[in-house]
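Quick notes on the structure that follows.
The values are calculated or read from the model by the stated rules, or taken from the named source; none is laboratory data. These numbers were taken from a predicted model, which means no experiment stands behind them. Note: ideal-geometry Cβ built from the backbone for every residue, glycine included; neighbour counts use all protein chains shown.
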Amino acid sequence: MSEAIIHLLPVLFLILVAEFVNGWTDAPNAIATVVSTRVMTPVQALTMAVVLNFLGTLSGTAVALTVGKGIVRPEVINLSTIAAAMVGNIIWGNFARYFGLPTSSTHALVSGLAGASIATAGFSSLQWEGWRKIFLGLGFSTFLGFLGGFILMLTIYWIFQKVRPGWIRKIFGRAQIFSAAFMAFSHGSNDGQKFMGMFTLTLVIGGVLPEFKIPLWVITICALTIGLGTALGGWKIVRTIGVRLTKLEPVQGFAAETGAALTIELASRLGIPLSTTHTINTSIMGVGTTRKFSAIRWGVGGEIVTAWIFTFPVCGLIGWVTCQLFKLLF
(Lines give C-alpha, C1' and ligand atoms only; values in the text may rest on other atoms or scores of the structure.)
Protein backbone atom coordinates (compact mmCIF):
# COMPACT_ATOMS: atom_id res chain seq x y z
CA MET A 1 0.00 0.00 0.00
CA SER A 2 2.81 2.43 0.90
CA GLU A 3 4.54 1.71 -2.43
CA ALA A 4 1.29 2.42 -4.29
CA ILE A 5 0.93 5.77 -2.51
CA ILE A 6 4.53 6.67 -3.38
CA HIS A 7 3.66 6.23 -7.07
CA LEU A 8 0.26 7.92 -6.72
CA LEU A 9 1.19 11.14 -4.93
CA PRO A 10 3.55 12.57 -7.61
CA VAL A 11 0.84 12.08 -10.26
CA LEU A 12 -1.79 13.80 -8.11
CA PHE A 13 0.69 16.62 -7.50
CA LEU A 14 1.25 17.06 -11.26
CA ILE A 15 -2.53 17.24 -11.81
CA LEU A 16 -2.83 19.99 -9.21
CA VAL A 17 0.11 21.86 -10.79
CA ALA A 18 -1.67 21.64 -14.17
CA GLU A 19 -4.89 22.87 -12.50
CA PHE A 20 -2.94 25.76 -10.99
CA VAL A 21 -1.44 26.64 -14.38
CA ASN A 22 -4.94 26.51 -15.85
CA GLY A 23 -6.16 29.14 -13.39
CA TRP A 24 -2.93 31.08 -13.87
CA THR A 25 -3.14 31.28 -17.67
CA ASP A 26 -6.93 31.31 -18.07
CA ALA A 27 -7.74 33.95 -15.42
CA PRO A 28 -7.51 36.59 -18.20
CA ASN A 29 -10.51 34.95 -19.91
CA ALA A 30 -12.70 36.23 -17.09
CA ILE A 31 -11.11 39.57 -16.25
CA ALA A 32 -9.35 40.91 -19.39
CA THR A 33 -12.31 42.91 -20.70
CA VAL A 34 -13.42 44.30 -17.34
CA VAL A 35 -9.83 45.45 -16.60
CA SER A 36 -9.18 46.86 -20.07
CA THR A 37 -12.40 48.95 -19.92
CA ARG A 38 -11.35 50.18 -16.43
CA VAL A 39 -14.66 49.15 -14.90
CA MET A 40 -12.73 47.28 -12.18
CA THR A 41 -9.18 47.54 -10.91
CA PRO A 42 -6.95 44.49 -11.44
CA VAL A 43 -7.09 43.62 -7.73
CA GLN A 44 -10.91 43.87 -7.64
CA ALA A 45 -11.25 41.81 -10.82
CA LEU A 46 -8.87 39.10 -9.62
CA THR A 47 -10.60 38.82 -6.25
CA MET A 48 -13.95 38.39 -7.96
CA ALA A 49 -12.51 35.85 -10.43
CA VAL A 50 -10.98 33.75 -7.63
CA VAL A 51 -14.31 33.49 -5.80
CA LEU A 52 -16.45 32.85 -8.90
CA ASN A 53 -13.97 30.36 -10.39
CA PHE A 54 -14.15 28.44 -7.12
CA LEU A 55 -17.96 28.44 -7.07
CA GLY A 56 -18.14 27.48 -10.75
CA THR A 57 -15.94 24.45 -10.15
CA LEU A 58 -18.35 23.31 -7.43
CA SER A 59 -21.39 23.65 -9.71
CA GLY A 60 -21.37 20.26 -11.48
CA THR A 61 -19.48 17.20 -12.68
CA ALA A 62 -20.70 16.56 -16.24
CA VAL A 63 -17.50 17.82 -17.89
CA ALA A 64 -15.37 15.95 -15.33
CA LEU A 65 -17.13 12.70 -16.24
CA THR A 66 -16.47 13.27 -19.96
CA VAL A 67 -12.76 13.98 -19.42
CA GLY A 68 -12.22 11.24 -16.81
CA LYS A 69 -14.13 8.45 -18.54
CA GLY A 70 -14.82 9.39 -22.14
CA ILE A 71 -11.60 10.58 -23.80
CA VAL A 72 -9.47 7.46 -23.37
CA ARG A 73 -10.26 3.95 -22.11
CA PRO A 74 -9.38 4.04 -18.38
CA GLU A 75 -8.70 0.31 -18.21
CA VAL A 76 -5.75 0.42 -20.66
CA ILE A 77 -3.78 3.38 -19.27
CA ASN A 78 -1.71 3.76 -16.10
CA LEU A 79 -0.33 6.40 -13.76
CA SER A 80 2.59 7.13 -16.10
CA THR A 81 0.12 7.94 -18.87
CA ILE A 82 -1.61 10.57 -16.76
CA ALA A 83 1.67 12.00 -15.47
CA ALA A 84 2.97 12.39 -19.04
CA ALA A 85 -0.24 14.16 -20.10
CA MET A 86 0.12 16.62 -17.21
CA VAL A 87 3.74 17.36 -18.13
CA GLY A 88 2.63 18.43 -21.62
CA ASN A 89 -0.10 20.62 -20.17
CA ILE A 90 2.23 22.33 -17.71
CA ILE A 91 4.99 22.99 -20.28
CA TRP A 92 2.59 24.42 -22.86
CA GLY A 93 0.75 26.55 -20.29
CA ASN A 94 3.97 28.17 -19.09
CA PHE A 95 5.14 28.72 -22.68
CA ALA A 96 1.86 30.50 -23.44
CA ARG A 97 2.05 32.64 -20.31
CA TYR A 98 5.65 33.69 -21.07
CA PHE A 99 4.76 34.92 -24.56
CA GLY A 100 1.35 36.33 -23.57
CA LEU A 101 -0.56 33.92 -25.80
CA PRO A 102 -4.11 32.92 -24.79
CA THR A 103 -4.01 29.20 -25.60
CA SER A 104 -6.46 26.44 -24.75
CA SER A 105 -5.72 24.42 -21.62
CA THR A 106 -8.56 22.11 -22.68
CA HIS A 107 -6.87 21.18 -25.93
CA ALA A 108 -3.50 20.94 -24.17
CA LEU A 109 -5.02 18.49 -21.70
CA VAL A 110 -6.87 16.22 -24.14
CA SER A 111 -4.10 16.18 -26.74
CA GLY A 112 -1.46 15.45 -24.08
CA LEU A 113 -3.67 12.67 -22.73
CA ALA A 114 -4.18 11.30 -26.25
CA GLY A 115 -0.44 11.31 -27.03
CA ALA A 116 0.42 9.60 -23.75
CA SER A 117 -2.39 7.04 -24.17
CA ILE A 118 -1.25 6.17 -27.69
CA ALA A 119 2.28 5.64 -26.34
CA THR A 120 0.82 3.35 -23.65
CA ALA A 121 -1.75 1.28 -25.51
CA GLY A 122 -1.98 2.43 -29.15
CA PHE A 123 -4.76 4.22 -30.98
CA SER A 124 -7.36 1.78 -29.67
CA SER A 125 -7.08 3.54 -26.29
CA LEU A 126 -9.02 6.54 -27.65
CA GLN A 127 -12.82 6.69 -27.30
CA TRP A 128 -14.84 8.22 -30.12
CA GLU A 129 -17.76 9.41 -27.96
CA GLY A 130 -15.55 11.66 -25.87
CA TRP A 131 -13.71 12.99 -28.90
CA ARG A 132 -17.04 13.75 -30.56
CA LYS A 133 -17.73 16.07 -27.63
CA ILE A 134 -14.28 17.64 -28.02
CA PHE A 135 -15.04 18.43 -31.67
CA LEU A 136 -18.48 19.73 -30.67
CA GLY A 137 -16.67 21.97 -28.19
CA LEU A 138 -14.57 23.38 -31.04
CA GLY A 139 -17.78 24.39 -32.81
CA PHE A 140 -19.24 25.86 -29.64
CA SER A 141 -16.14 27.88 -28.81
CA THR A 142 -15.57 29.28 -32.30
CA PHE A 143 -18.92 29.70 -34.06
CA LEU A 144 -21.24 30.05 -31.07
CA GLY A 145 -18.74 32.27 -29.28
CA PHE A 146 -18.46 34.60 -32.28
CA LEU A 147 -22.20 34.61 -32.97
CA GLY A 148 -23.05 35.10 -29.29
CA GLY A 149 -20.97 38.27 -29.04
CA PHE A 150 -22.04 39.50 -32.50
CA ILE A 151 -25.80 39.03 -32.02
CA LEU A 152 -25.82 40.34 -28.45
CA MET A 153 -23.93 43.47 -29.50
CA LEU A 154 -26.32 44.14 -32.40
CA THR A 155 -29.28 43.66 -30.04
CA ILE A 156 -27.84 46.18 -27.59
CA TYR A 157 -27.25 48.68 -30.40
CA TRP A 158 -30.88 48.31 -31.48
CA ILE A 159 -32.36 48.63 -27.95
CA PHE A 160 -30.15 51.55 -26.87
CA GLN A 161 -29.89 53.40 -30.20
CA LYS A 162 -31.58 56.55 -28.81
CA VAL A 163 -29.78 56.57 -25.46
CA ARG A 164 -26.95 59.05 -24.90
CA PRO A 165 -23.41 57.58 -25.00
CA GLY A 166 -22.70 58.80 -21.47
CA TRP A 167 -25.69 56.91 -20.11
CA ILE A 168 -24.72 53.78 -22.05
CA ARG A 169 -21.26 53.83 -20.50
CA LYS A 170 -22.74 54.32 -17.04
CA ILE A 171 -25.30 51.50 -17.44
CA PHE A 172 -22.89 48.96 -18.89
CA GLY A 173 -20.05 50.00 -16.60
CA ARG A 174 -22.17 48.52 -13.81
CA ALA A 175 -23.59 45.67 -15.90
CA GLN A 176 -20.11 44.54 -16.91
CA ILE A 177 -19.30 43.66 -13.30
CA PHE A 178 -22.04 41.03 -13.46
CA SER A 179 -21.00 39.79 -16.92
CA ALA A 180 -17.38 39.40 -15.75
CA ALA A 181 -18.61 37.48 -12.69
CA PHE A 182 -20.71 35.25 -14.98
CA MET A 183 -17.68 34.64 -17.19
CA ALA A 184 -15.53 33.70 -14.17
CA PHE A 185 -18.20 31.31 -12.89
CA SER A 186 -18.60 29.64 -16.29
CA HIS A 187 -14.81 29.25 -16.58
CA GLY A 188 -14.79 27.32 -13.32
CA SER A 189 -17.80 25.23 -14.36
CA ASN A 190 -15.97 23.97 -17.45
CA ASP A 191 -12.20 24.26 -17.01
CA GLY A 192 -12.16 23.52 -13.29
CA GLN A 193 -14.01 20.26 -13.83
CA LYS A 194 -11.54 18.83 -16.33
CA PHE A 195 -8.84 18.32 -13.74
CA MET A 196 -11.38 16.98 -11.25
CA GLY A 197 -11.96 14.24 -13.80
CA MET A 198 -8.25 13.53 -14.13
CA PHE A 199 -7.77 13.55 -10.35
CA THR A 200 -10.59 11.05 -9.86
CA LEU A 201 -9.37 8.85 -12.72
CA THR A 202 -5.95 8.73 -11.07
CA LEU A 203 -7.49 7.65 -7.76
CA VAL A 204 -9.38 4.86 -9.55
CA ILE A 205 -6.28 3.63 -11.40
CA GLY A 206 -4.28 3.85 -8.18
CA GLY A 207 -6.81 1.70 -6.34
CA VAL A 208 -7.94 4.39 -3.88
CA LEU A 209 -11.48 4.57 -5.30
CA PRO A 210 -13.41 1.44 -6.36
CA GLU A 211 -15.34 3.29 -9.11
CA PHE A 212 -15.35 6.58 -10.98
CA LYS A 213 -17.35 8.75 -8.59
CA ILE A 214 -16.07 12.22 -7.77
CA PRO A 215 -15.82 12.81 -4.00
CA LEU A 216 -16.58 16.22 -2.49
CA TRP A 217 -13.03 16.53 -1.18
CA VAL A 218 -11.64 16.18 -4.71
CA ILE A 219 -14.00 18.90 -5.96
CA THR A 220 -12.91 21.17 -3.10
CA ILE A 221 -9.17 20.63 -3.61
CA CYS A 222 -9.42 21.29 -7.36
CA ALA A 223 -11.60 24.37 -6.81
CA LEU A 224 -9.12 25.82 -4.32
CA THR A 225 -6.19 25.09 -6.66
CA ILE A 226 -7.73 26.81 -9.68
CA GLY A 227 -8.69 29.70 -7.42
CA LEU A 228 -5.09 30.08 -6.26
CA GLY A 229 -3.85 29.96 -9.85
CA THR A 230 -6.39 32.60 -10.81
CA ALA A 231 -5.13 34.87 -8.01
CA LEU A 232 -1.70 34.87 -9.70
CA GLY A 233 -3.04 35.29 -13.24
CA GLY A 234 -0.94 36.18 -16.26
CA TRP A 235 -1.05 39.90 -17.06
CA LYS A 236 0.61 39.55 -20.47
CA ILE A 237 -2.43 37.54 -21.58
CA VAL A 238 -4.78 40.16 -20.12
CA ARG A 239 -3.12 42.72 -22.37
CA THR A 240 -3.39 40.50 -25.47
CA ILE A 241 -7.09 39.77 -24.98
CA GLY A 242 -8.30 43.08 -23.56
CA VAL A 243 -6.09 45.64 -25.30
CA ARG A 244 -4.19 44.34 -28.31
CA LEU A 245 -7.01 42.39 -30.00
CA THR A 246 -9.49 45.30 -30.20
CA LYS A 247 -10.46 48.44 -28.28
CA LEU A 248 -13.30 47.75 -25.87
CA GLU A 249 -15.81 50.02 -24.14
CA PRO A 250 -17.91 48.69 -21.22
CA VAL A 251 -20.85 47.91 -23.50
CA GLN A 252 -18.62 45.80 -25.78
CA GLY A 253 -17.02 44.12 -22.79
CA PHE A 254 -20.47 43.24 -21.42
CA ALA A 255 -21.60 41.75 -24.75
CA ALA A 256 -18.38 39.73 -25.21
CA GLU A 257 -18.38 38.31 -21.67
CA THR A 258 -22.10 37.53 -21.63
CA GLY A 259 -22.05 35.88 -25.07
CA ALA A 260 -19.02 33.77 -24.12
CA ALA A 261 -20.35 32.84 -20.67
CA LEU A 262 -23.72 31.70 -22.06
CA THR A 263 -21.92 29.48 -24.58
CA ILE A 264 -19.64 27.99 -21.92
CA GLU A 265 -22.50 27.34 -19.48
CA LEU A 266 -24.50 25.52 -22.18
CA ALA A 267 -21.49 23.33 -22.95
CA SER A 268 -20.85 22.64 -19.24
CA ARG A 269 -24.39 21.40 -18.63
CA LEU A 270 -24.14 19.13 -21.70
CA GLY A 271 -20.82 17.71 -20.48
CA ILE A 272 -18.91 19.21 -23.42
CA PRO A 273 -15.31 20.26 -22.64
CA LEU A 274 -14.59 23.40 -24.63
CA SER A 275 -11.91 26.03 -24.70
CA THR A 276 -12.93 29.03 -22.61
CA THR A 277 -10.01 30.86 -24.23
CA HIS A 278 -11.35 30.26 -27.73
CA THR A 279 -14.83 31.25 -26.63
CA ILE A 280 -14.02 34.64 -25.10
CA ASN A 281 -11.63 35.55 -27.93
CA THR A 282 -14.10 34.71 -30.69
CA SER A 283 -16.83 36.52 -28.77
CA ILE A 284 -14.61 39.62 -28.60
CA MET A 285 -14.02 39.29 -32.36
CA GLY A 286 -17.78 39.05 -32.93
CA VAL A 287 -18.38 42.17 -30.86
CA GLY A 288 -15.59 44.09 -32.59
CA THR A 289 -16.89 43.13 -36.04
CA THR A 290 -20.23 44.90 -35.35
CA ARG A 291 -18.39 48.23 -35.48
CA LYS A 292 -16.36 47.46 -38.58
CA PHE A 293 -14.26 44.60 -39.82
CA SER A 294 -11.04 46.57 -39.36
CA ALA A 295 -11.85 47.16 -35.66
CA ILE A 296 -10.20 43.79 -35.00
CA ARG A 297 -6.41 43.70 -35.14
CA TRP A 298 -6.31 40.59 -37.30
CA GLY A 299 -2.52 40.28 -37.00
CA VAL A 300 -2.95 39.73 -33.26
CA GLY A 301 -5.87 37.41 -34.00
CA GLY A 302 -3.59 35.45 -36.33
CA GLU A 303 -1.01 34.99 -33.54
CA ILE A 304 -3.75 33.65 -31.26
CA VAL A 305 -5.11 31.26 -33.89
CA THR A 306 -1.60 30.00 -34.67
CA ALA A 307 -1.08 29.17 -30.99
CA TRP A 308 -4.42 27.33 -30.97
CA ILE A 309 -3.46 25.27 -34.03
CA PHE A 310 -0.09 24.24 -32.57
CA THR A 311 -1.58 23.23 -29.21
CA PHE A 312 -2.88 19.85 -30.42
CA PRO A 313 0.26 18.48 -32.12
CA VAL A 314 2.77 19.99 -29.67
CA CYS A 315 1.03 18.79 -26.48
CA GLY A 316 0.26 15.43 -28.07
CA LEU A 317 3.92 15.00 -28.98
CA ILE A 318 5.11 16.06 -25.51
CA GLY A 319 2.70 13.56 -23.93
CA TRP A 320 3.87 10.77 -26.23
CA VAL A 321 7.61 11.47 -25.75
CA THR A 322 7.28 11.88 -21.97
CA CYS A 323 5.37 8.62 -21.68
CA GLN A 324 8.04 6.81 -23.68
CA LEU A 325 10.71 8.25 -21.37
CA PHE A 326 8.76 7.07 -18.32
CA LYS A 327 8.70 3.56 -19.83
CA LEU A 328 12.48 3.57 -20.15
CA LEU A 329 13.09 4.99 -16.68
CA PHE A 330 10.49 3.05 -14.70
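The residues listed here are 156, 171; of these, the one that is of a type outside the set (S, T, N, Q), in contact with a Phe, Trp or Tyr (Cβ under 9 Å, 6 or more places away or on another chain), in a helix (DSSP H, G or I) and within 24 Å of residue 52 (Cα to Cα) is 171.
Residue 84 - would you say it is over 25 Å from residue 183 (Cβ atoms), part of a helix (DSSP H, G or I) and touching a helix residue (DSSP H, G or I) at 6+ places or on another chain (Cβ under 8 Å)? Spelling it out, residue 84 is indeed over 25 Å from residue 183 (Cβ atoms), part of a helix (DSSP H, G or I) and touching a helix residue (DSSP H, G or I) at 6+ places or on another chain (Cβ under 8 Å).
Among the residues of region 141-148, not a single one is farther than 21 Å from residue 305 by Cα, part of a helix (DSSP H, G or I) and more than 17 Å from the chain's Cα centre (by Cα). Taken as a whole, the condition of being surrounded by fewer than 21 Cβ atoms within 10 Å (Cβ to Cβ) and on the phi > 0 side of the Ramachandran plot applies to residue 122.
In a helix (DSSP H, G or I), more than 25 Å from residue 256 (Cβ to Cβ), in contact with a Cys (Cβ under 9 Å, 6 or more places away or on another chain) and of a type in the set (Ser, Thr, Tyr) - does that describe any residue in region 119-130? Give the steps one after another, and end with the answer.
Of the residues in region 119-130, the ones in a helix (DSSP H, G or I) are 119-121, 123-125, 128-130.
Right, trim to more than 25 Å from residue 256 (Cβ to Cβ) and you get 119-121, 123-125, 128-130.
So of that shortlist, the ones also in contact with a Cys (Cβ under 9 Å, 6 or more places away or on another chain) come out as 119-120.
Still in the running and of a type in the set (Ser, Thr, Tyr): 120.
Yes; the residues of region 119-130 include at least one that is in a helix (DSSP H, G or I), more than 25 Å from residue 256 (Cβ to Cβ), in contact with a Cys (Cβ under 9 Å, 6 or more places away or on another chain) and of a type in the set (Ser, Thr, Tyr).
The listed residues are 89, 94, 53, and the only one of them that is in contact with a His (Cβ under 7 Å, 6 or more places away or on another chain), closer than 27 Å to residue 281 by Cα and not in a strand (DSSP E or B) turns out to be 53. Would region 58-66 turn up any residue that is touching a His at 6+ places or on another chain (Cβ under 7 Å), in contact (Cβ under 8 Å) with a residue 24 or more places away in the chain and within 19 Å of residue 214 (Cα to Cα)? So far as region 58-66 goes, no, none of its residues is touching a His at 6+ places or on another chain (Cβ under 7 Å), in contact (Cβ under 8 Å) with a residue 24 or more places away in the chain and within 19 Å of residue 214 (Cα to Cα). With respect to the conditions (1) of a type in the set (Val, Ile, Thr); (2) closer than 18 Å to residue 184 by Cα; (3) modelled with pLDDT of 70 or more, residue 238 falls short on a single one, namely (3). Within region 34-50, the set of residues being surrounded by 15 or more Cβ atoms within 10 Å (Cβ to Cβ) and hydrophobic (A, V, I, L, M, F, W, C) comprises 34, 35, 39, 40, 45, 46, 48, 49, 50.
Does residue 53 satisfy being surrounded by fewer than 21 Cβ atoms within 10 Å (Cβ to Cβ) and not charged (D, E, K, R)? Against the criterion (surrounded by fewer than 21 Cβ atoms within 10 Å (Cβ to Cβ) and not charged (D, E, K, R)), residue 53 does not qualify. The set of residues in region 194-217 being of a type in the set (Lys, Arg) and within 18 Å of residue 14 (Cβ to Cβ) consists of 194 alone.
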